[in-house]
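Every read-out reported here was derived from the displayed coordinates using simple, explicitly stated rules and does not represent laboratory data. What you see is a predicted model, and the numbers here were worked out from it, not measured in a lab. All Cβ positions, even for glycine, are placed from backbone atoms using ideal geometry, and neighbour counts span all protein chains on display.
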Amino acid sequence: MMNRRVLFVNVSLVLLVFSLLLQACFTAKKTTAKKYSITITNPSSIERADELIVLTRDVVEQKTGKLKEDVFINLTDKNNQQVILQFDDLDKNGQWDEAAFLYRLKPDETVQLNVTPTTARLNKAVVRAHVRMSKKNDDNSFGLSLDSVTIPKGTPPTDFTKQKLPPYLTEGPAWENDKVAFRLYMDTRNTKDIYGKTTQKMMMDSVGVNPANSYHKLADWGMDILAVGKSLGAGSIALKLNIDNGKDTLVRLGGMNVEETTYEKIADGPVRAIFRMHYKNWTVLSGLPPVNIIEEISIWGGKYFYQGKVTVSNTPPGAQLVTGIVNLKSKKSTELNIDGCKAIYTYDVQSENNDKLGMGILVRSNHFAAFGKTPNTASEVLNTYTVTMPLTTQPTEFRFYAGWELSDLLFIKEESFKMYLEYEAMKYAKPVIVSFQ
């Protein structure tokens, strides 16, 4: 009996010692993992809610050294609360290139966040931004969101008198956040449209799936709120050229003269969504060499805008980029000149629900050339208030805003919509300062 007791005690001691050693190893491993930090500074006296912060892999690796493919980073604040991060592989090489997150900053505030390399990632997060491009199946259902798709040259608009559903859900890619949604007609029209939202949920996977539920009528989620006609709609793009007779010519991107149009998904939530539209060999005018255009569109949580970055290669001499706001129902436009930024907006009873809608375009001053207005007849582009921007070797950037009164009480009066744009301009002109320690 004594030998059994001694053996039991010895085994227990061995197990206890092993357990303590194992715990010590894990503790040592945890405490020896090197930590870093980033400092984020709000350079303005305006609160910045849902500010998009992007950390590039290159900057992170300057401090941490080369990271393995399966290594990410964690961010924690002073209360050890973890920040929701989105890791995006922008060049599709199998490893993340950027880590993006949203953060609230008080006026003139500086905060420090701890950075720790890790192999663990948060699996659950509220999705606040989404992009999708879905193709119709033979049974009239729509498939999963596509990573990329190229449409045939000269693809016409859907004829809804002959078919109830288009070949692609909502006739092209749709992108949204928890505030607003947009779509692009991926056919010869190549025009952008707005979906007003009254919910924070992501809706663009279901809107338009059932033709009995028309998105042109107000539903519990919102509706399509914009008529675009032959305008530039909600920030569509065109090129302005000076032809031989000295007259300016405005040519809409799209139509029968684009050899190839391709949609490419880059990133899809939960923090932000990014996609690119590739327009290959666009014959802008007869006698000019074809032009290639890439438009990168992004949207992130908490904002009433999307951001466009347009790169033009083989640009015709003297050409300028133009975007615009449809003015089918607006009586006037208002121009704003805020330090470092230019803006144009309309505000009127101009939604398809016959209520108030504000639309605006915001550009930094170095991306601005002129405001203008198209004719309402006898032109390829009609009914549009325009913003003309210079073209350089760098992408040309703009933001398109949509403030519908049913989305937010902030937009029930023009003065508050104008004030919102002014605040946005002040933040856009003074980006958040990020430094890595």
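Observations on the structure shown:
- MRE, 222 nm, helices only [DSSP H, n ≥ 4, -39500 (n - 2.57), over the chain, to nearest 500]: -4500 deg cm²/dmol
- Alpha-carbon centroid distance for the pair the stretch 77-131 / the stretch 257-289, whole angstrom: 28 Å
- Against the chain, whose longest principal axis is taken from its Cα atoms, helix 414-429 shows a tilt of about 60°.
- Length released on extending from residue 205 to residue 97, taking residue separation times 0.36 nm less the Cα-Cα span: 36.2 nm
- Residues in the stretch 103-116 carry Karplus couplings, in order, of 8, 9, 10, 6, x, 6, 7, 10, 10, 10, 10, 7, 10, 9 Hz; the curve used is 6.51 cos²θ - 1.76 cosθ + 1.60 with θ = phi - 60°, and Gly or Pro positions show x.
- Efficiency of FRET from Cβ geometry, residue 39 and residue 71, R₀ 22 Å, rounded to 0.05: 0.45
- Projecting the Cα atoms of 293, 437, 344 onto the charge dipole of the chain, computed from C-beta unit charges around the Cα centre, puts 437 farthest toward the positive end.
- Trypsin sites (Lys or Arg not before Pro) within the stretch 175-234: DSSP coil, no more than 13 neighbouring Cβ in 10 Å: 201, 217
- Gyration tensor (alpha-carbon) shape descriptor, the stretch 265-380, a/c threshold 1.5: oblate
- Karplus 3J(HN,Hα) series, Hz, for the stretch 82-92 with 6.51 cos²θ - 1.76 cosθ + 1.60 (x for Gly, Pro): 7, 8, 6, 10, 10, 9, 10, 9, 6, 9, 6
- With Cα atoms defining each centre, the stretch 149-203 and the stretch 301-357 are spaced 19 Å apart in the structure.
- Likely footprinting exposure, 256, 389, 426, 203, fewest C-beta neighbours within 10 Å first: 256, 426, 203, 389
- Sorted by Cβ density within 10 Å, fewest first, the residues 134, 214: 214, 134
- Charge dipole of the stretch 36-124 about the Cα centre (unit charges at C-beta), most positive-ward option of 82, 100, 46: 82
- Look at the dipole of the chain built from charges on Cβ: of 62, 257, 148, the Cα furthest out on the positive end belongs to 62.
- Environment charge of residue 154, counting only residues whose C-beta is closer than 15 Å and scoring Lys/Arg +1, Asp/Glu -1: 0
- At R0 = 25 Å, FRET efficiency that the Cβ-Cβ distance of residue 104 and residue 141 yields, to 0.05: 0.05
- Choice from 238, 343, 369 showing the highest fluctuation, given a GNM over the chain with Cα pairs closer than 10 Å: 369
- Max mean-square fluctuation residue, GNM over the chain, Cα-Cα springs under 10 Å, options 350, 163, 112: 163
- Against the chain, whose longest principal axis comes from its Cα atoms, helix 2-32 is set at around 30 degrees.
- Put a plus charge on the Cβ of each Lys and Arg, a minus charge on the Cβ of each Asp and Glu, and nothing anywhere else: the dipole of the chain about its Cα centre is then about 1060 debye.
- Surrounding net charge for residue 63, when Lys and Arg each add one and Asp and Glu each subtract one, Cβ distance under 15 Å: +2
- Within the stretch 36-124: Cβ-based charge dipole about Cα centre, in debye rounded to nearest 20 (Lys, Arg +1; Asp, Glu -1): 320 debye
- ³J(HN,Hα), Karplus 6.51/-1.76/1.60, whole Hz, each residue of the stretch 430-437, x for Gly, Pro: 10, x, 4, 9, 10, 10, 10, 10
- Mean separation of Cα pairs under 8 Å and 6 or more residues apart, divided by the residue count, gives the chain a relative contact order of 15 percent.
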